[in-house]
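Some notes on the structure that comes next.
The values are calculated or read from the model by the stated rules, or taken from the named source; none is laboratory data. All values reported here derive from a predicted model rather than from experimental measurement. Positions of Cβ are generated from backbone atoms using ideal geometry, with glycine treated the same way; all protein chains shown enter the neighbour counts. Surface areas here come from the heavy atoms of the whole protein model, side chains and all, with no ligands, DNA or RNA. Shrake-Rupley method; radii C 1.70, N 1.55, O 1.52, S 1.80 Å.
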Amino acid sequence: MEPGRGDQIKLINSRLGTEKVDVHLNRLVAGGPRGKRHHHTTADNVYIVKRGEGTLTVDGETHVIRENDVVYIPAGMTHS
């Protein structure tokens with residue numbers, strides 16, 4: 001994660017023998033910098049908002065996401 005955005009805690013990754021699953025917890029800094037626009041070629045993303053509120057941009061559309069929201073982003077979709 002870029003400096004100033006928060007912390008990332010890896011829960012499952014390839015070191016544990018998984019090849020297609022990466023599970024991690026992102027704790028973002030309130031009011032911190034936005035993430036860069038990017039996409040994942042082969043991995044889908046699922047975001048579960050545990051606390052707070054923020055904005056998520058997917059394929060050019062910006063959405064407010066809040067506590068208890070679950071967001072699915074298929075592989076290949078640009079997001080930040």
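General remarks:
- Scanning segment 26-42 for residues that are surrounded by 12 or more Cβ atoms within 10 Å (Cβ to Cβ) and within 12 Å of the chain's Cα centre (by Cα) returns Asn26, Arg27, Leu28, Arg34, Gly35, His39, His40.
- Residue match in segment 51-68 (condition: in a strand (DSSP E or B), surrounded by 12 or more Cβ atoms within 10 Å (Cβ to Cβ) and either at pLDDT below 90 or in contact with a helix residue (DSSP H, G or I) (Cβ under 8 Å, 6 or more places away or on another chain) (or both)): no
- Residue in segment 69-78 that is of a type in the set (Phe, Trp, Tyr) and open to solvent by 100 Å² or more (accessible area, probe 1.4 Å) present: yes
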